[in-house]
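K.L.:
Starting off with a structure, shown below.
The values are calculated or read from the model by the stated rules, or taken from the named source; none is laboratory data. Owing to the predicted nature of the structure, the values given are computational and were not obtained by experimental measurement. Backbone-built Cβ (ideal geometry, glycine too); neighbour counts: all protein chains shown. Accessible surface areas use protein heavy atoms only, side chains included; no ligands, DNA or RNA. Shrake-Rupley method; radii C 1.70, N 1.55, O 1.52, S 1.80 Å.
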Amino acid sequence: MNPEASPVASGAALATAAPARALALGPYEAVATPLDGGSWLLDCSDPLRPYPRRYTESLARWASERPGQTFLAQRDGAQGWRRLDYASAWARVSCLAQALLDRGLSAERPLMILSGNSIEHALLMLAALHIGVAVAPLSPAYALLDRSAAKVRHAASLLTPGLVFADDGAAFERAIGLALAPDTEVVLLHGALSGRPHTAFDALEQARPGAAVQRAHEAVDGDTIAKFLFTSGSTQMPKAVINTHRMLCCNQQMYFQCYPFLADEPPVLVDWMPWHHTAGGNINFGIVLTHGGTLYIDDGKPTEDGLAQTLRNLREIAPTVYYTVPKGLEALARDMRHDDALRRSFFSRLRLIFPAGAGLAQAVQDEIDAMAVQTVGERIPMTMGLGMTETAPSSLSAHLPDWRAGLVGLPVAGVSVKLVPVAGKLEVRYRGPNVTPGYWRQPDLTQAAFDEQGYFRSGDAVRFVNDENPAAGLCFDGRIAEDFKLASGTWVNVAALRARVMAAGSPHVQDVAFAGHDRNEVGVLLFLWPAASALSGTLAPGAPMAAIVRDPQVRAWAQALLDGMAAGAGGSSKRIARALLEAEPPSAEHGELTDKGSINQRAVLARRSASVQALYALPPDARVLRARPASARPNPPPLPRAAPPGD
């Protein structure tokens, strides 16, 4: 095989020729109704079937039917996996539920969790849900990366928690001291707090469940608040989204009607997605619980530093379904190119890949297809959907065996979608049993979030796959708030441009942020992967990013990338005219990356205002690359690409 061969071309050819691994998918049909003013209604043709009243009913079922099966597993240092079976989980949840009842917790005094995914986090969460106590998992970054703990203080003020859990006293002590009232009880798994009492997690489990636990459980209904999940808070303090038991339970049924294969065998997930996010905490955790599967808690993340742990886990545990974000899938693909053992394990029993949370570059999907065919002889179905924290989250689903990147599908069962023209796009609005009743203790924000017909305004935009057939499905068209106008008044579609950059720059571009509001041209801040050092003939692997972005061959590659995208781009809103290679990667500590690894466009532009100024400086900044007309371009060699697996 030619080492210069493109994995994109190879993957596309294999995808056409090779079959997909078989799995049962639900109906993919909707009724489209035109409305006045260019709006549309889309409703799923498949009616929503009955679903449980309470979220923890499945836990009791599997404790009885599959008592010894592993429910949760977590790395235990060098000792392998610490496992929790369904019977043990049920017994421990019952004890913890009694302890929470003894403390008088409720929606008004919820359980707040500061730490990341863990077995103890899960047990406390399930105990609270079992007896109708609201649980509020916060991003650990709120406490660990911000020394002022501003978002923890905001959450504590808004929620007035009755009990707070942290896995490590030393790590969370600062945030606890800044955010919590002195009389708020704190439970720790490890360590202690200086100058403040705490309760050991083991002590909570000493409670012996009585009849009150069952009475509290029976009182839980669809309207009972299950969780407070916080929005990203990129432009303001995060809002506490109310998630009810009805939202969580019906959403699992909606998802199952799209993916009935989940009942074929107990699903196995190796999952890093955080439980304070709706995808990880509601969908992924819920799939395992609903269908009696096993969740291996992955301590890795889709970052350069965190990926090694994920790769170790995937070499040992073969998932049946794999959920990640596009950034995680890109990083995984990069490592699988040269790791036969990883590819064999990953694809061996995998039935579905779901790259949640953001747009996936088509080149990445094609490369994954190529690797799967070369490894197991068939493609692994890959699908996508669209939802949000306020919809628990599934609302649109593209459950098609021949899904292609960008397609987000049709409404799931029970959801009515209204498409409304806003700022030149079609905004998605939702109504259904999975939609939040509102934001906790913020009635003004709740009122503004719904339109006059009770549809939730998502701020997401879509377009029809086929304008002549609206029921054929929808493609994601970006966040309306991310788009901006050039000085000419022309709108820039950030999502479409980002997809072009990520596809053209694969596998070296990690991410991109767009600038140009009220200016004449679109400019970008480009973030490269460290492996882009391979573009240079002189840099060694592991070279610092500051050296990579200054290297003449790397800059020549970036110049060719910019020139190539500018050629035939059309009008000014589709043409990236200038670019700056950033030496510092996007920072989670400063809010430039979400916990799921996707870029926060507004935070990047705000924090890197000096870079934005440099993009448009006069005289031109020497670091800035400018798109050149065809007549001014040399004939460069082909852009280097990583070789497909097997080279």
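K.L.:
Quick one: is SER58 more than 20 Å from ARG463 (Cα to Cα), at pLDDT 95 or above and open to solvent by 70 Å² or more (accessible area, probe 1.4 Å)?
P.N.:
Values: more than 20 Å from ARG463 (Cα to Cα): yes; at pLDDT 95 or above: yes; open to solvent by 70 Å² or more (accessible area, probe 1.4 Å): no.
The answer is no for SER58.
K.L.:
Additional query: Count, please, the residues in the stretch 488-506 that happen to be crowded, with 19+ Cβ neighbours inside 10 Å and part of a strand (DSSP E or B).
P.N.:
Here the count works out to 1.
K.L.:
Give the number of residues within the stretch 376-404 that are in a loop (DSSP other than H, G, I, E, B), touching a residue at least 60 places away in the same chain (Cβ under 8 Å) and farther than 26 Å from VAL435 by Cα.
P.N.:
6
K.L.:
Would it be correct to say that GLN74 is of a type in the set (S, T, N, Q), within 15 Å of GLN214 (Cβ to Cβ) and touching a Lys or Arg at 6+ places or on another chain (Cβ under 8 Å)?
P.N.:
Values: of a type in the set (S, T, N, Q): yes; within 15 Å of GLN214 (Cβ to Cβ): no; touching a Lys or Arg at 6+ places or on another chain (Cβ under 8 Å): yes.
No.
K.L.:
Can you tell me how many residues within the stretch 466-487 are open to solvent by less than 60 Å² (accessible area, probe 1.4 Å), assigned to a strand (DSSP E or B) and in contact with a Phe, Trp or Tyr (Cβ under 8 Å, 6 or more places away or on another chain)?
P.N.:
Total satisfying the criteria: 3.
K.L.:
When you scan the stretch 266-284, do you find a residue that is over 25 Å from LEU114 (Cα atoms) and either among the polar types (S, T, N, Q) or in contact with a helix residue (DSSP H, G or I) (Cβ under 7 Å, 6 or more places away or on another chain) (or both), even just one?
P.N.:
First pass over the stretch 266-284, keeping only residues over 25 Å from LEU114 (Cα atoms): 266-268.
From what's left, either among the polar types (S, T, N, Q) or in contact with a helix residue (DSSP H, G or I) (Cβ under 7 Å, 6 or more places away or on another chain) (or both): 267.
Checked the stretch 266-284: at least one residue is over 25 Å from LEU114 (Cα atoms) and either among the polar types (S, T, N, Q) or in contact with a helix residue (DSSP H, G or I) (Cβ under 7 Å, 6 or more places away or on another chain) (or both).
K.L.:
From SER572, SER533, grab the single residue that is among the polar types (S, T, N, Q), surrounded by 19 or more Cβ atoms within 10 Å (Cβ to Cβ) and on the phi < 0 side of the Ramachandran plot.
P.N.:
Exactly one residue qualifies, and that residue is SER533.
K.L.:
Having 2 or more residues that are more than 27 Å from the chain's Cα centre (by Cα) and of a type outside the set (A, V, I, L, M) is the bar; report the helices (runs of 4 or more DSSP H) wholly within the stretch 135-241 that clear it.
P.N.:
Values: elements: 140-144, 150-159, 169-179, 201-204, 211-219.
In the stretch 135-241, the matching helices (runs of 4 or more DSSP H) lie at 169-179, 201-204, 211-219.
K.L.:
Could you please find all residues in the stretch 349-391 being closer than 16 Å to ASP402 by Cα and among the charged types (D, E, K, R)? Break it down stepwise before answering.
P.N.:
Taking the stretch 349-391 as the starting set, the residues that turn out to be closer than 16 Å to ASP402 by Cα are 351-355, 360-370, 372-373, 378-385.
ARG351, ASP366, GLU367, ASP369, GLU378, ARG379, listed by residue number.
K.L.:
Out of all the residues in the stretch 69-105, which are of a type in the set (S, T, N, Q) and open to solvent by less than 40 Å² (accessible area, probe 1.4 Å)?
P.N.:
The first filter runs over the stretch 69-105 and keeps only residues of a type in the set (S, T, N, Q), leaving 69-70, 74, 79, 88, 94, 98.
Correct list: THR70, GLN74, SER94, GLN98.
K.L.:
In this structure, does ARG312 turn out to be over 26 Å from VAL604 (Cβ atoms), without any contact (Cβ under 8 Å) to a residue 60 or more places away in the chain and of a type in the set (D, E, K, R)? Let's see the steps before the verdict.
P.N.:
Numbers: over 26 Å from VAL604 (Cβ atoms): yes; without any contact (Cβ under 8 Å) to a residue 60 or more places away in the chain: yes; of a type in the set (D, E, K, R): yes.
Spelling it out, ARG312 is indeed over 26 Å from VAL604 (Cβ atoms), without any contact (Cβ under 8 Å) to a residue 60 or more places away in the chain and of a type in the set (D, E, K, R).
K.L.:
Moving on to the next point. Just to check your reading of the model, which residue among THR224, THR244 is open to solvent by less than 20 Å² (accessible area, probe 1.4 Å), of a type in the set (S, T, N, Q) and either in contact with a Gly (Cβ under 8 Å, 6 or more places away or on another chain) or closer than 22 Å to ALA91 by Cα (or both)?
P.N.:
On the way: THR224 fails: open to solvent by less than 20 Å² (accessible area, probe 1.4 Å).
Of THR224, THR244, the one residue that is open to solvent by less than 20 Å² (accessible area, probe 1.4 Å), of a type in the set (S, T, N, Q) and either in contact with a Gly (Cβ under 8 Å, 6 or more places away or on another chain) or closer than 22 Å to ALA91 by Cα (or both) is THR244.
K.L.:
Hey, among the residues in the stretch 190-215 that are open to solvent by 50 Å² or more (accessible area, probe 1.4 Å) and among the aliphatic types (A, V, I, L, M), which one's farthest from ALA175 (Cα to Cα)? Full working, then the answer.
P.N.:
In the first step, residues of the stretch 190-215 are kept if they are open to solvent by 50 Å² or more (accessible area, probe 1.4 Å); the result is 190-192, 194-195, 197-198, 202-203, 206, 208-209, 211, 214-215.
Narrowing further to those that are among the aliphatic types (A, V, I, L, M): 192, 203, 211.
Working: ALA192: 14, ALA203: 23, ALA211: 37 Å.
Per the stated criteria, the residue is ALA211.
K.L.:
Restricting the first residue to the stretch 554-576 and requiring it to be more than 15 Å from LEU625 (Cα to Cα), which pairs with a second residue that is assigned to a helix (DSSP H, G or I) and open to solvent by less than 10 Å² (accessible area, probe 1.4 Å) meet a Cβ separation below 6 Å and a spacing of at least six or different chains?
P.N.:
Every condition considered, no pair remains.
K.L.:
Return the total of residues in the stretch 247-268 being buried (at least 23 other Cβ atoms within 10 Å of the Cβ) and without any contact (Cβ under 8 Å) to a residue 60 or more places away in the chain.
P.N.:
The number of residues fulfilling the criteria is 2.
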